[in-house]
Amino acid sequence: MKRVYDVIVVGAGPVGSYTAYQLADKGFDIALVDAKKEIGSNIICAGVISKEAFKRYDLPGDSILSRIDTATFVSPSGRHLVYQPKKIFSYIVCRRTFDHGLFRLATSVGCDVHLQHKVTSVRKAKDHYTVIAGRKHLRTRAIVLATGINYDLHDKAGLSKPNHFIYGSQIELPMVHTGNEIEVHLGQDIAPNSFGWVIPAGEHATRIGVLTTRKGKTFLKRLLEKRLHIPINKLNEKELQLKPIAYGGAKRTAKDKILAVGEAAGQVKTTTGGGIFYGLLCSEIAVDKMSQTLKNGKDLADYDLTWHSALASELDIGMNLRKIASTLKDEDIENIFEFVKKHRFWVDLLVPRINFDFHSSFIYFCLKSFGSLLKMPVE
């Protein structure tokens, strides 16, 4: 008789590998399946992860390229606001090393691994599922989809997809970025309704990118040329990367004994587009619900309710912020910079609300403060 796994995890990115690790560590028989030959290859990601995330999840320390202790916000006219808490608050990682580290964690507790096997179909039988990946037909009691922005299996599994997407465009250049500082660039000409970034990725590399609501690399080119004075005609067009990012959680992310986690479920920050921390957070929820299901035989009925409740305020405030940002002119952004520079007492009230991973308190305070300045209602 063919082996029947307890869970097959489809996708060996950070969230998939970490989910597989947790389940295997609890004693379940786990298989990890991925279409890639090499884990961590061809990743488009700014690689910014909070210090608290590293503490909470014991993430791979050898992946750290830079330690960030300063954030500088740059207005459309070039004015600067500096946030410097005098301690490290985030790390910049090499995604290849980071992903490999979590993958090795999964294999260290006995997960079976099937690389270079793209899952194309899932079939349900009476007491198991058959996962079809090329010539391999793997049987399992339950399935976790950690497929990132690949939603090919969602319809087959009866799950919904995120309804909206934003777009991240980035290039990594061999140039020195002095200091442990992230630059955040604002302005409707370079990052409409959003922001651009300049990030040190080690001693001799810098990541430059933009997050926008429209697909395309036009705004990244503007940031490079207009703000940073980097001639784009000397760049290799193929190095300008573009990635869609789930924007808002999917409505139905569990059915029977199948669930989606990470970006496959839309568990992504609606403010910055970062998906690793929320994915790991929801991975813990997924493992708890999946463990109960494997023990009692019941469906994953309350997985959706649990993770949506945990992130609802964070996802909603980010979407609200982006709606407001769509109404702002560069003049409004300059007025905000002027307000912050003149009101140090307000900054003293703001700083305790800053949390790298949970933004709702910080953003709501800002919106209430700037409501009258920008003549906009804040609910």
Report summary line: With R₀ set to 25 angstrom, the calculated FRET efficiency between the beta-carbons of Arg123 and Ile44, to the nearest 0.05, is 0.20
Requested in this report: Work out the length of the dipole vector of segment 326-374 about its Cα centre, built from +1 on the beta-carbon of each Lys and Arg and -1 on the beta-carbon of each Asp and Glu, and round it to the nearest 20 debye.
Outcome: 220 debye
Requested in this report: Using a 10 Å cut-off on Cβ atoms, rank the peptides 274-281, 74-81 from the highest mean neighbour count down.
Outcome: 274-281, 74-81
Report task. Using a cut-off of under 18 Å, list every residue of segment 309-339 whose amide N is near the label point 7 Å from the Cα of Ser77 along the Cα-to-beta-carbon line. Result -> 328-339
Report task. Starting with the highest mean, order 255-267, 44-56 by the number of other Cβ atoms within 10 Å, averaged over the residues of each peptide. Result -> 255-267, 44-56
Query - Scattering curve values for segment 287-379, log₁₀ I(q)/I(0), Debye with Cα scatterers, q = 0.17, 0.23 Å⁻¹ - result: -0.81, -1.22
**Report entry** Compactness of segment 34-185 - radius of gyration and Dmax, Cα, Å
**Finding:** 20.2, 64
Report task. Give me Rg over Rh for segment 263-333, both radii from the alpha carbons and Rh done the Kirkwood way, two decimal places. Result -> 1.17
Query raised in the report: Quick one: Karplus J couplings for segment 54-65, per residue in order, coefficients 6.51, -1.76, 1.60, θ = phi - 60°, nearest Hz, x for Gly and Pro?
Result: 5, 5, 5, 10, 6, 6, x, x, 6, 8, 6, 9
Query raised in the report: Rounded to two decimals, what is Rg over Rh for segment 1-57 when you use alpha-carbon atoms and the Kirkwood radius?
Result: 1.06
Report summary line: At R0 = 41 Å the Cβ-Cβ FRET efficiency linking Thr213 and Lys86, nearest 0.05, sits at 0.75
Query raised in the report: Mind ordering 336-348, 136-148 by average Cβ neighbours within 10 Å, highest first?
Result: 136-148, 336-348
Requested in this report: Considering only DSSP beta bridges where both residues belong to the chain, give the percentage that are antiparallel (nearest 5).
Outcome: 70 percent
Query raised in the report: To two decimal places, what compactness ratio does segment 326-374 give when its Cα radius of gyration is scaled by 2.2 N^0.38 Å?
Result: 1.17
**Report entry** Rg over Rh, two decimals, segment 200-342 (C-alpha only, Kirkwood Rh)
**Finding:** 1.09
Report task. Calculate the tail of P(r) for segment 167-253: the fraction of all Cα-Cα distances greater than 17 Å, expressed in %. Result -> 48 percent
Report task. Have a look at the chain and give its Rg and Dmax from the Cα atoms, expressed in angstrom. Result -> 21.6, 74
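Where a number appears in this text, it was derived from the coordinates with a stated rule and is not lab data. These figures come from a predicted structure and were not determined experimentally. All Cβ positions, glycine included, derive from the backbone under ideal geometry; neighbour counts span all protein chains shown.
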